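Asker: Sharing a structure, written as structure tokens. Questions coming.
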Amino acid sequence: MSFELLNKEIIDVGLCQGCGLCAGSCKHIEMEVLRPILKDYCILERNGQYCGKCYQSCPQVIQKQFIQKQPKGIYSLRSKDPKILAKAANGGFVTTIAKNLLEEKSLTDIVMVQDIGDKPQADKVSDPNEVIEKAGVVYGRSGVLEKLVDLMGETFEPIGIVGVPCEMRGAADLETQMNREILKIGLFCNSHMRTEQTDMGLICSPCCNGCPSGVNAQGYISLIRQGKNQEAVDLIRENNPLPSICGRICTNECEHGCTLIGDDHPVAIRELKKFVTEWEMKHGDKNSVKTKGKSKKNGKKIAIIGSGPAGLTAAYYLAKLGYAPKIFEKADQTGGMLRFGVPQFRLPNYVLDYDVEMIKNAGVEIQLNKALGPEMTIADLKNDGFEAIFIGTGQYKPRTLHLEGEDLPDVHVAIRFLIDRKYRYWEKKEEFKGKTLGIIGGGPVAVDVAQTALRLGADKIHLVDIMSEEQLELVLKDIPENEFKYMQYHFSTSTSKITQNKDGKLVLNCHKTEWSSPDENGRRSLNIIEGSEYEIPIDSIVIAVGQAVDFELIDDATDNKLEKERNKIKINEITFETNIPGVFAGGDIINNSKAVAIAAIAHGKEAAISIDKFLKGKDMIAGRYKQDKMFFTGPKKPPKDYSLKPETLLEATEEIQWSFDEIDQMFNEEMALQEARRCLSCNHFCSHCQDFPAIYSDLTAGEVGSQKGYTTVVAWTDRGKEIVENAIKKGLFEEGKVNKDELNKAINLKSKRELLTFVKAPRQQVLDYITLQGPSTISDMVKNLELEPKKVRYEALRLAQLMQVEMKVEPGMDEPIFTLMCD
């Protein structure tokens, strides 16, 4: 029962929650990058002495079967303190009650997770004001039980702890072992990351929760770590049928919430996806999609308009559900903007072709050179037997700023510039040799234009954008250093017109800008800074300010009946259905779309679910809700840290002007395994815990069962109930209505999880033997349990000290008898 066993059964397989109880219990263990390590040696392994406390006390090892427990009271509460509500995830109950308990001196200290240096860290809090100042952090690995052990050694005053169910279980065991009373305030399991998956009793890690399509990154990284590469790709495809593509161009939002941030760089999730999909191309089962998870065909036909990421995804999942989806693509090749707009040095054609071929293997039919329009209308499709239609035609109409001079020679629009130059048949291999290019815009498409121009000989690129350097951080960090030195960004700058100088060169007429202070409606205007005008003389200009939907053909096909909003298709943001029954839409074409490939993939997946329900006559909304991560719901902030690229990246970009080969190199197997081992497998342990409501607590709080802005509170003990009701009487909370059915559903779902079976600790083996066999001696147990006599003797005596068994010495007996302690 040494640290080696803890490492093997808990830490290495991703079951460690980072509570730090083992580090608090043993001077030879410490927490390093949020997980326990031996700082010198394990006493058992070095001296042959028996200990095993780190393993025996681990909350994951001592999991217990969930037992229904009758609450003393259930409440729905909202704090009346505006400062607390400003930081609260829901009703601010935990912060309010902790502050009150410290103010009233009911507790001298509370161990709770605080916002320290922009990351969750366990801290001992005694100052009521500090509870508010450092509140509002998303709960994560923090070492709360290590802090609790430290605090118990420092004071005998009344103390408390706030934590998740497994931490409450560990705190309850400490309470018994140390004969101390600890106020335990639990948190509903994963309540801060509630998704459709968690509502179904499944678990989502922060990386999974950050992915618009819900890919289980923690799961497939764990499989890579075990050398199960094919299984890893199969797991990705459960939520994303374009894994090879996303290994190259995904915005990797999954990495932005990585638990390692603050202690280390986040795991390079996109690079691992790239590694494992490339492995499949070379070594994997090309027929795995064809043979796995397919339903029996039901013969119902569904039309998919457009073969971009949204259309390909919708078709794939509908085929897996047994339907007969057919993609109609107006171009002569599949892929949409992935094919025609993304340069080959970012997304090679063979990668796109591979994912499309896998989708075709799943049973998807694709017809090229067939456009939705007057020659193929919605009515025509329905008459041909298509029972549902999905529109995912993207945005191909270039936007401009309607500036003076846009019609001058050598002024291009980005989408046409990229489409024309995407392939190596472009005859002007040195089109921009020795020239300077100006780009109006500084986002991802503008960078694609700049990188393409560099490969066609450009000496210098000027990028002009109204956004600041900070706002463009996500774009800038992906530009290789060897390329960025040829680019000059003009941040917070606008273009007023395009002119020609006397030498015939084009001129960008620019001025610096600044945003005004917000008005009474919170709106800000963009103002010109007086006297900041300047000119940039250049040879060619590309306008890269976005694309719009070309509705001409779509309006013809729908008889102008399709409802629009802000010149995009208006949909139900839960079902993706348009105002025309049976017609769905997704991707860049819909209003409020995130306009990135992974969001379009998520749209296609959700639309497939809706189409299935629609064709079965089921309620398409029941049990679902809008998932904001698929849409633009606010400013996109850069993460606090970024994953590291493979070391070979710089070598791959040394000759950028002459090569259209892929920029980024990839992990080899050794690098991939090393990176995968850095993953903490966050919340994997929750998959095997049945205790959603933290029944070992005095009271528990979370959002399930209350309306938005309120906290559901469950009192499990008389002490917990008294604390809550006194706070209500004191006027600290507004009361709301509890939805007990929703709460009970969550509790019942989680209680059905299967508990893991670990090597049983000797103490538990001894206790189980006495429980089943009755009064027993050391000799009996040594013989039947096949344990060393000194281990059995040690554990039996410890059980007697803990008042779990009774030791009796009868006259005439050579050794004592141990019996179960009766209440």
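The values are calculated or read from the model by the stated rules, or taken from the named source; none is laboratory data. Keep in mind that what you see is a predicted model, and the values were worked out from it rather than measured. Note that each Cβ is placed from the backbone with ideal geometry, even for glycine, and that neighbours are counted across all protein chains shown. What goes into the accessible areas is simple: the full protein's heavy atoms, side chains included, and nothing from ligands, DNA or RNA. Shrake-Rupley method; radii C 1.70, N 1.55, O 1.52, S 1.80 Å.
Asker: Residue 185 is checked against (1) over 30 Å from residue 66 (Cα atoms); (2) modelled with pLDDT of 90 or more and fails just one. What number does that condition carry?
Answerer: (1)
Asker: Residue 799: surrounded by fewer than 17 Cβ atoms within 10 Å (Cβ to Cβ) and not in a loop (DSSP other than H, G, I, E, B), yes or no? Please lay out each step first, then the result.
Answerer: Details: surrounded by fewer than 17 Cβ atoms within 10 Å (Cβ to Cβ): no; not in a loop (DSSP other than H, G, I, E, B): yes.
Taking the combined requirement at face value, the residue does not satisfy it.
Asker: Another question, if that's okay. Please verify whether the range 700-722 includes one or more residues that are open to solvent by 70 Å² or more (accessible area, probe 1.4 Å), modelled with pLDDT under 85, basic (Lys, Arg) and not in a strand (DSSP E or B).
Answerer: Checked against the condition, which is being open to solvent by 70 Å² or more (accessible area, probe 1.4 Å), modelled with pLDDT under 85, basic (Lys, Arg) and not in a strand (DSSP E or B), the range 700-722 yields no hits at all.
Asker: Would you point out which residue out of 233, 267 is among the β-branched types (Val, Ile, Thr), assigned to a loop (DSSP other than H, G, I, E, B), more than 27 Å from residue 707 (Cβ to Cβ) and at pLDDT 90 or above?
Answerer: Of 233, 267, the one residue that is among the β-branched types (Val, Ile, Thr), assigned to a loop (DSSP other than H, G, I, E, B), more than 27 Å from residue 707 (Cβ to Cβ) and at pLDDT 90 or above is 267.
Asker: Which condition number does residue 772 fail, the rest of (1) more than 46 Å from the chain's Cα centre (by Cα); (2) open to solvent by 70 Å² or more (accessible area, probe 1.4 Å) being met?
Answerer: (1)
Asker: A follow-up question, please. All but one of (1) closer than 30 Å to residue 72 by Cβ; (2) touching a strand residue (DSSP E or B) at 6+ places or on another chain (Cβ under 8 Å); (3) crowded, with 16+ Cβ neighbours inside 10 Å; (4) not polar (S, T, N, Q) hold for residue 817; which doesn't?
Answerer: Of everything listed in (1) closer than 30 Å to residue 72 by Cβ; (2) touching a strand residue (DSSP E or B) at 6+ places or on another chain (Cβ under 8 Å); (3) crowded, with 16+ Cβ neighbours inside 10 Å; (4) not polar (S, T, N, Q), residue 817 misses just condition (1).
Residues checked against (1) within 23 Å of residue 422 (Cβ to Cβ); (2) more than 35 Å from the chain's Cα centre (by Cα):
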position: 450; (1), (2): yes, no
position: 456; (1), (2): yes, yes
position: 459; (1), (2): yes, yes
position: 466; (1), (2): no, no
position: 479; (1), (2): yes, no
position: 483; (1), (2): yes, no
position: 486; (1), (2): yes, no
position: 494; (1), (2): no, yes
position: 503; (1), (2): no, yes
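Asker: Please find, among 381, 418, 368, 403, the residue that is more than 30 Å from residue 299 (Cα to Cα), at pLDDT 95 or above and either basic (Lys, Arg) or out of contact with any Phe, Trp or Tyr (no Cβ under 7 Å at 6 or more places or on another chain) (or both). Quick ask: steps written out before the conclusion?
Answerer: Numbers: 381 fails: more than 30 Å from residue 299 (Cα to Cα); 418 fails: at pLDDT 95 or above; 368 fails: more than 30 Å from residue 299 (Cα to Cα).
Only one candidate passes the filter, namely 403.
Asker: I'd like the full set of residues that are in a helix (DSSP H, G or I) and basic (Lys, Arg), limited to the range 53-90.
Answerer: Matches in the range 53-90: 53, 83, 87.
Asker: Same structure again: Go through the range 341-400 residue by residue and tally those that are among the small types (Gly, Ala, Ser) and more than 27 Å from residue 591 (Cα to Cα). Working first, answer last.
Answerer: At the first step, the residues of the range 341-400 found to be among the small types (Gly, Ala, Ser) are 341, 362-363, 371, 373, 379, 385, 388, 392, 394.
Those left that are additionally more than 27 Å from residue 591 (Cα to Cα): 362-363, 385.
Adding up the residues that qualify gives 3.
Asker: If you scan the range 591-621, which residues turn out to be closer than 26 Å to residue 299 by Cβ, open to solvent by 20 Å² or more (accessible area, probe 1.4 Å) and not charged (D, E, K, R)?
Answerer: 609, 614, 615, 617, 620
Asker: Right, here's the next one. Restricting the search to the range 547-560, which residues are closer than 19 Å to residue 586 by Cβ, open to solvent by 30 Å² or more (accessible area, probe 1.4 Å) and in contact with a helix residue (DSSP H, G or I) (Cβ under 9 Å, 6 or more places away or on another chain)?
Answerer: Result: 547, single match.
Asker: Can you spot a residue in the range 287-294 that is outside any loop (DSSP other than H, G, I, E, B), surrounded by fewer than 16 Cβ atoms within 10 Å (Cβ to Cβ), charged (D, E, K, R) and modelled with pLDDT under 95?
Answerer: yes
Asker: I've got another one for you. Limited to the range 511-537, what total is found for residues that are assigned to a strand (DSSP E or B) and either small (Gly, Ala, Ser) or more than 18 Å from residue 491 (Cβ to Cβ) (or both)? Outline the logic, then answer.
Answerer: At the first step, the residues of the range 511-537 found to be assigned to a strand (DSSP E or B) are 511-515, 526-528, 534-537.
Remaining after also requiring either small (Gly, Ala, Ser) or more than 18 Å from residue 491 (Cβ to Cβ) (or both): 537.
Adding up the residues that qualify gives 1.
Asker: A follow-up question, please. What's the total number of residues in the range 529-544 that are open to solvent by 90 Å² or more (accessible area, probe 1.4 Å) and modelled with pLDDT of 95 or more?
Answerer: Within the range 529-544, residues that are open to solvent by 90 Å² or more (accessible area, probe 1.4 Å) and modelled with pLDDT of 95 or more number 2.
Let's see how each residue does on (1) open to solvent by less than 10 Å² (accessible area, probe 1.4 Å); (2) over 30 Å from residue 209 (Cα atoms):
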site: 99; (1), (2): no, yes
site: 104; (1), (2): no, yes
site: 107; (1), (2): yes, yes
site: 115; (1), (2): no, no
site: 133; (1), (2): no, no
site: 146; (1), (2): no, no
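Asker: Being assigned to a loop (DSSP other than H, G, I, E, B) and under 31 Å from the mean Cα position of the chain (by Cα) is the filter here; which residues of the range 549-581 pass it?
Answerer: Across the range 549-581, the qualifying residues are 549, 566, 567, 570, 571, 572, 573, 574, 575, 576, 578.
Asker: I've got another one for you. Restricting attention to the range 802-823, report how many residues are outside any loop (DSSP other than H, G, I, E, B) and either among the acidic types (Asp, Glu) or modelled with pLDDT under 85 (or both). Full working, then the answer.
Answerer: Within the range 802-823, the first condition is being outside any loop (DSSP other than H, G, I, E, B), and the residues that meet it are 805-808, 817-820.
Now restrict to residues that are either among the acidic types (Asp, Glu) or modelled with pLDDT under 85 (or both): 806.
So the answer is 1.
Asker: If you go through the range 236-243 one residue at a time, do you hit one that is buried (at least 21 other Cβ atoms within 10 Å of the Cβ) and under 22 Å from residue 477 (Cα atoms)?
Answerer: No; the residues of the range 236-243 include none that is buried (at least 21 other Cβ atoms within 10 Å of the Cβ) and under 22 Å from residue 477 (Cα atoms).
Asker: Another one. Filter the range 457-501 for residues that are in contact with a Gly (Cβ under 8 Å, 6 or more places away or on another chain) and among the charged types (D, E, K, R); which is nearest to residue 445 (Cα to Cα)?
Answerer: Within the range 457-501, the match that is nearest to residue 445 (Cα to Cα) is 465.
Asker: Follow-up question, since we're still on this one. Which one of the conditions (1) part of a strand (DSSP E or B); (2) of a type outside the set (Gly, Ala, Ser); (3) over 23 Å from residue 378 (Cβ atoms) does residue 584 fail to meet, given that it meets all the rest?
Answerer: Residue 584 satisfies every listed condition except (3).
Asker: Name the residue, out of 472, 456, 526, 463, that is open to solvent by 60 Å² or more (accessible area, probe 1.4 Å) and touching a Phe, Trp or Tyr at 6+ places or on another chain (Cβ under 8 Å). Full working, then the answer.
Answerer: Working: 472 fails: open to solvent by 60 Å² or more (accessible area, probe 1.4 Å); 456 fails: open to solvent by 60 Å² or more (accessible area, probe 1.4 Å); 463 fails: open to solvent by 60 Å² or more (accessible area, probe 1.4 Å).
Sole residue among the options that is open to solvent by 60 Å² or more (accessible area, probe 1.4 Å) and touching a Phe, Trp or Tyr at 6+ places or on another chain (Cβ under 8 Å): 526.
Asker: Among the residues in the range 407-427, are any of a type in the set (Gly, Ala, Ser), under 15 Å from residue 343 (Cβ atoms) and open to solvent by less than 10 Å² (accessible area, probe 1.4 Å)?
Answerer: Yes, the range 407-427 has at least one match.
Asker: Go through the range 12-33 and give me each residue that's out of contact with any Asp or Glu (no Cβ under 6 Å at 6 or more places or on another chain) and either among the hydroxyl-bearing types (Ser, Thr, Tyr) or over 16 Å from residue 63 (Cβ atoms) (or both).
Answerer: 12, 18, 25, 26, 27, 29, 30, 31, 32 - these are the residues of the range 12-33 that are out of contact with any Asp or Glu (no Cβ under 6 Å at 6 or more places or on another chain) and either among the hydroxyl-bearing types (Ser, Thr, Tyr) or over 16 Å from residue 63 (Cβ atoms) (or both).
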